[in-house]
Each structure stands twice: as C-alpha cells, then as structure tokens.
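One structure below.
Values in this text are rule-based calculations from the coordinates and carry no lab data. Keep in mind it's a predicted model, so treat the numbers as computed, not measured. A quick note on method: Cβ atoms are made from the backbone with ideal geometry, for glycine too, and the neighbour counts reach across all protein chains shown.
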Amino acid sequence: MNARIRMSGFLLAMAALSAVQADEQTPLTYDRIDLASEARGDVENDILVAVLSSEMDGPKAAALAAEVNKTIAKAVERIKQQSEIKVQTAGYQTSPIYQKERIGGWRVKQSIRLESTDAAKLGGLLGELQQQLHLESIDYETSPQRRKEAENGLIKEALGAFRQRAELLTRELGRSRYRIVALRVDTGGVPVRPMAPGIRAMAAEAAAPVPIEAGTQRIEVNVSGTIELQAD
C-alpha cells in the first residue's frame with residue numbers, strides 16, 4: 001500500500017513538473033490586437049445568359065420526344081450560325097400526366113442554354129427563337145476574368161486600409177512598430193441585376209428583340225487579422 005502511495009505521489013509530481021516546463025517553453029504574448037477592414041465595389045456584368053425550352057404534351061411519349069428533339073435541333077443549328085453565341089443542352093424531361101389517378105398522357109421538355117458577351121446580337125436572336133421556343137429565363141453574369149480583376153483591386157484597397165489602421169494603433173499606443181501574427185482575406189458578392197420586364201409576353205411578338213439591362217455585381221473583400229505591437 002505504501003509503495004502505491006509513493007508511486008502515485010511521484011507521478012503527480014512529474015505531471016506538475018511537466019506542466020511547469022510546458023508553460024516555461026510557451027512564449028508569452030502581449031499587446032495583440034484584432035483588426036478588420038473591408039472594400040467593396042460594383043463590376044458590370046458582361047455575359048448574357050438565356051435558357052429556352054421546347055415542351056409538348058400528348059398521348060405518346062416517343063412521338064413527343066421526336067418532335068421536341070426536332071425543334072431543339074433546328075434551334076441549335078440556327079444558333080450555331082452566330083459564332084459569338086455559345087449553346088448547350090441544359091436538360092431533358094419526360095413526365096406522365098395523370099387523369100383520375102391513371103396516366104392519361106405524357107409531357108416532354110428539353111432546354112438549351114445560350115450565353116454571349118454580345119448582348120445586342122443575343123437579344124435579337126432570342127426574339128427570333130421565341131417563335132418556336134419558350135424563354136424560361138434571362139440573366140447576366142460576370143465573367144471570371146472581370147471578377148478576378150475587380151477582386152484583385154479590392155484586395156489591395158482592403159489591405160491598405162488594414163495597414164493604415166495597424167499603423168494608427170501603433171502610433172497612438174506609443175509603439176514604434178508592429179508585426180502581423182495572422183491574416184485572412186475573404187471575397188464574396190451578390191448580384192444586382194435589373195431583370196427584363198415581361199419576358200414571357202415577348203413570345204407573342206415575332207422576332208421582337210428582348211429588352212435587357214446588364215446590371216452589376218457587388219464584390220466585397222474582407223480582411224481580418226491580428227497584429228502584435230512591438231517596442232524598439
């Protein structure tokens with residue numbers, strides 16, 4: 001029993017000694033301050049994106065699919081005549097139509113996605129395509145290159161504001177310099193896009209150009225970090 005007590009006491013003493021040594025090895029830090037800054041700006045959208053579809057109902061799914069595919073193929077052929085406009089199929093759906101809890105027919109739908117930096121040309125083509133297709137949506141996006149350029153400029157601005165605050169605190173607190181202990185840069189943004197009014201109503205007007213406005217994308221950069229004030 002005495003041996004066990006002596007061993008327990010020895011282990012407790014060693015644990016306490018290890019804790020003290022760990023505290024001595026951990027560097028003490030003083031005068032650390034958390035800072036944050038931000039920068040924001042608007043960048044113009046430069047890519048127009050539109051989604052159109054062909055949809056038909058009827059008793060035979062195969063016949064409907066053939067007709068829808070024919071309509072889409074004709075539209076894609078027309079779009080490819082415009083080298084400035086990119087097109088891709090966006091989705092294909094076949095779904096039953098129920099009547100009194102039984103399948104009474106089928107609905108087939110296929111969509112295509114168009115995008116272009118030439119808004120005038122795509123807008124004119126959309127007016128033409130609406131004679132055969134439904135215009136589901138139209139929107140603007142910011143190209144990756146333009147967004148990256150805007151973010152880089154805002155990062156410089158936010159870092160400059162962070163540096164100014166750090167220098168201000170250093171002077172006001174009577175220190176000669178500081179060092180950055182940690183730094184984090186976050187980017188984000190939300191679209192600010194005026195939508196085209198009466199999009200579906202445009203389908204009734206043959207070859208009518210779609211009224212569209214590019215709008216802007218709000219880009220935000222947030223910089224946060226920790227500085228440590230230092231004396232000479």
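Grab the other residues whose beta carbon is less than 13 angstrom from that of R113, score K and R as +1, D and E as -1, and report the net.
Values: positive: K86; negative: E115, E136, D139, E141.
In short, -3.
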request  = Compute the FRET efficiency between A161 and A90 as 1/(1 + (r/R0)^6), taking r as their Cβ-Cβ distance and R0 = 45 Å, and round to the nearest 0.05.
outcome  = 0.60
query = Where the centroid of each part is defined by its Cα atoms, how far is region 134-180 from region 26-65 in Å?
reply = 20
task = Would you list, by chain and number, the lysines whose Cα falls below 23 Å from the Cα of K121, excluding same-chain residues fewer than 8 positions away?
result = K74, K80, K86
key: Other-chain or far-sequence residues with amide H under 5 Å of A90's (modelled H)   = S111, I112, R113
key: Local net charge near I219, Cβ-Cβ under 12 Å (Lys/Arg +1, Asp/Glu -1)   = -3
query = Across region 60-66, in residue order, what do the Karplus-derived ³J(HN,Hα) couplings come to in whole Hz, using 6.51 cos²θ - 1.76 cosθ + 1.60 with θ = phi - 60° and x for Gly and Pro?
reply = 10, 5, 5, 5, 5, 4, 4
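Could you tell me which of rounded, prolate or oblate describes region 22-170, using a ≥ b ≥ c as the square roots of the eigenvalues of the alpha-carbon gyration tensor, with rounded for a/c under 1.5 and, failing that, prolate when a/b is larger than b/c and oblate otherwise? Provide the component values of the computation, followed by the final result.
On the way: a/c = 4.67, a/b = 2.25, b/c = 2.08.
Cα axes put region 22-170 in the prolate bin.
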key: Amide hydrogen neighbours beyond the local backbone of D31, cut-off 5 Å, H modeled   = none
key: Loop-resident sites, region 64-124, for trypsin sites (Lys or Arg not before Pro), counting at most 10 other Cβ within 10 Å (DSSP)   = K100
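Once you charge only the Cβ atoms, +1 for Lys and Arg and -1 for Asp and Glu, what is the size of the charge dipole of region 47-141 about its Cα centre, to the nearest 20 debye? Intermediate values should be presented prior to the final figure.
On the way: 12 positive and 12 negative charges, 92 e Å.
The dipole of region 47-141 has a size of about 440 debye.
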Label-point separation in nm, S137 to R78, each point 7 Å along Cα→Cβ = 2.3
remark   = Note on region 94-142: contact order normalised by length, alpha-carbon pairs under 8 Å, 6 or more apart, percent, works out to 19
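What percent does the relative contact order of region 47-141 come to when contacts are Cα pairs within less than 8 Å and at least six residues apart? Walk me through the numbers on the way to the answer.
Numbers: 175 pairs, mean separation 44.2, N = 95.
After rounding, I find 47 percent.
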